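Notes follow the structure.
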Amino acid sequence: MITRAGWGTLAASVLLYAVAAPLGYQQAGALSAGGIAAVGASLLWTLRRPRLEVRREVTPVKVARGEAAIALLRVTNRGRWRRNGLEAHDTCRDTAIVVDVPPLARNSTGTVSYRLPTRRRGETPVGPLRLDRADPFGLARRTTSYGQADLLLVRPRTVPLEPLNSGRQRHLDGSASRSPSGTITFNGVRDYVIGDDLRHIHWRSTARTGTLMVKELEDVSLPYTTTILDTRAGAYAGDDEFELAVDAAASVAWSATRRRFPVRLLTGAGELLSAKGGAEEAETVLDRLALVERAADAEAPVDAVRRAGSGGALVLVTGARTALTGVASVRRRFDQVVCVWVGASSPDDGPPVVPGVTVIEIGDLAELAAAWPR
């Protein structure tokens, strides 16, 4: 296609000829003819599609908000001639990225890397990629699309936190047991899976069903954490406050599951995750919270608390002062209640005070790690 510079050259050439021809200025006519010929030559220059092999790789495909994500572009020239003036155009959400591809000799490969924006959390489509080839004067340009859009998952940021002291029963030496199959409390039976401890086979169920069945045991002394994220649209002053709230909720749930402790994660839309703990479930926590958004019809945190059962520790993350006082009415149902309030206190009111509830006021994620109960 003809660029703006090309259309400008054409318009100027036609206008020059229209003015100069009736007056008999031959030099002006030659200049106008030269301008039109230059545009025609530029079209011929970019007419043929270049023979290129293009491959783009996004690494890593999952990244915390604000961390670096790199797109690596490899372009190989399979044509007969040297390729100059190649320009790669990529998109990442609403951000346009333009990079220059180095000149490519025949059968040579050029590599270009560029950083992708990761400030916004969520599924971020990258691409599709376009390569533009322009003539030396910039009068014409040919655009070719390559491949499909890749998907970059931008997840919440986290800081490591200690699990809260909770549990229906406590050992005198603390809750040190992290056995993945539980300890002594019978919880049910399930099918045998290769790798299960043979000492946990439930022989009566095996004899009755004809299939190996193993006992599921539960450790009632493990800290159990219920995390509630307030997702009401009006609970936060802006997008930055809500992103900080998601980071705080992710830090709580991720830290507990990473230590192999059970976690239940709730939002204004219902239960988001119920995990027994483990490295894989810690990654699932971040994947699920990467897609959480505010909603006008999200329920209040006090309603989510009433559905959360009782026992263990409760962590509420919100930006609304009224949500903190609402949780105080159910604090006796839990061993420990912590409210993380995202926002700034007004000089007249001061930080919120809720009897029997530990309130942590944060303006960034580092303040959460510093004020977290130990």
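The values are calculated or read from the model by the stated rules, or taken from the named source; none is laboratory data. Remember, it's a predicted structure, so these values are computed and weren't measured experimentally. Note that each Cβ is placed from the backbone with ideal geometry, even for glycine, and that neighbours are counted across all protein chains shown. What goes into the accessible areas is simple: the full protein's heavy atoms, side chains included, and nothing from ligands, DNA or RNA. Shrake-Rupley method; radii C 1.70, N 1.55, O 1.52, S 1.80 Å.
In this structure, is ALA237 outside any strand (DSSP E or B), of a type in the set (A, V, I, L, M), under 21 Å from ILE362 (Cα atoms) and open to solvent by 10 Å² or more (accessible area, probe 1.4 Å)?
Numbers: outside any strand (DSSP E or B): yes; of a type in the set (A, V, I, L, M): yes; under 21 Å from ILE362 (Cα atoms): yes; open to solvent by 10 Å² or more (accessible area, probe 1.4 Å): yes.
Yes, satisfied.
What residue, among those in region 13-30 that are within 56 Å of the chain's Cα centre (by Cα) and surrounded by 14 or more Cβ atoms within 10 Å (Cβ to Cβ), is nearest to ASP135 (Cα to Cα)? Show your work before the answer.
First, pick out the residues of region 13-30 that are within 56 Å of the chain's Cα centre (by Cα): 13-16.
If we keep only those that are surrounded by 14 or more Cβ atoms within 10 Å (Cβ to Cβ) as well, we get 13, 16.
Values: SER13: 19, LEU16: 24 Å.
Of everything passing the filter in region 13-30, SER13 is nearest to ASP135 (Cα to Cα).
In region 104-124, which residue that is part of a loop (DSSP other than H, G, I, E, B) and of a type in the set (Lys, Arg) is least open to solvent (accessible area, probe 1.4 Å)?
Residues of region 104-124 that are part of a loop (DSSP other than H, G, I, E, B), as a first pass: 105-108, 117-121.
If we keep only those that are of a type in the set (Lys, Arg) as well, we get 106, 119-121.
Values: ARG106: 153, ARG119: 163, ARG120: 137, ARG121: 7 Å².
Within region 104-124, the match that is least open to solvent (accessible area, probe 1.4 Å) is ARG121.
Out of region 36-63, which residues are within 30 Å of ALA290 (Cβ to Cβ) and open to solvent by 30 Å² or more (accessible area, probe 1.4 Å)?
Correct list: VAL54, ARG55, ARG56, GLU57, THR59, PRO60, VAL61, LYS62.
Yes or no, residue by residue, for (1) at pLDDT 90 or above; (2) open to solvent by 10 Å² or more (accessible area, probe 1.4 Å); (3) more than 30 Å from ILE36 (Cα to Cα):
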residue: ARG65; (1), (2), (3): yes, yes, yes
residue: ALA69; (1), (2), (3): yes, no, yes
residue: GLY85; (1), (2), (3): no, yes, no
residue: THR95; (1), (2), (3): no, yes, yes
residue: VAL126; (1), (2), (3): yes, no, yes
residue: ALA134; (1), (2), (3): no, yes, no
residue: THR144; (1), (2), (3): no, yes, no
residue: LEU151; (1), (2), (3): yes, yes, yes
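State all residues of region 303-320 that are more than 28 Å from the chain's Cα centre (by Cα) and closer than 23 Å to GLU361 by Cβ; if no residue qualifies, say none.
Listed by number, the list is empty, since nothing qualifies.
Sort through ASP287, ASP335 and tell me the only one that's in contact (Cβ under 8 Å) with a residue 24 or more places away in the chain, within 30 Å of PRO125 (Cβ to Cβ) and open to solvent by 20 Å² or more (accessible area, probe 1.4 Å).
Details: ASP335 fails: within 30 Å of PRO125 (Cβ to Cβ).
Just one listed residue meets the conditions, ASP287.
Got at least one residue in region 168-179 being open to solvent by less than 60 Å² (accessible area, probe 1.4 Å), more than 30 Å from LEU116 (Cα to Cα), assigned to a strand (DSSP E or B) and modelled with pLDDT under 90? I'd like the intermediate steps shown before the answer.
Within region 168-179, the subset open to solvent by less than 60 Å² (accessible area, probe 1.4 Å) is 174-175, 177, 179.
Right, trim to more than 30 Å from LEU116 (Cα to Cα) and you get 174-175, 177, 179.
Of the ones still in play, those that are also assigned to a strand (DSSP E or B) are none.
So far as region 168-179 goes, no, none of its residues is open to solvent by less than 60 Å² (accessible area, probe 1.4 Å), more than 30 Å from LEU116 (Cα to Cα), assigned to a strand (DSSP E or B) and modelled with pLDDT under 90.
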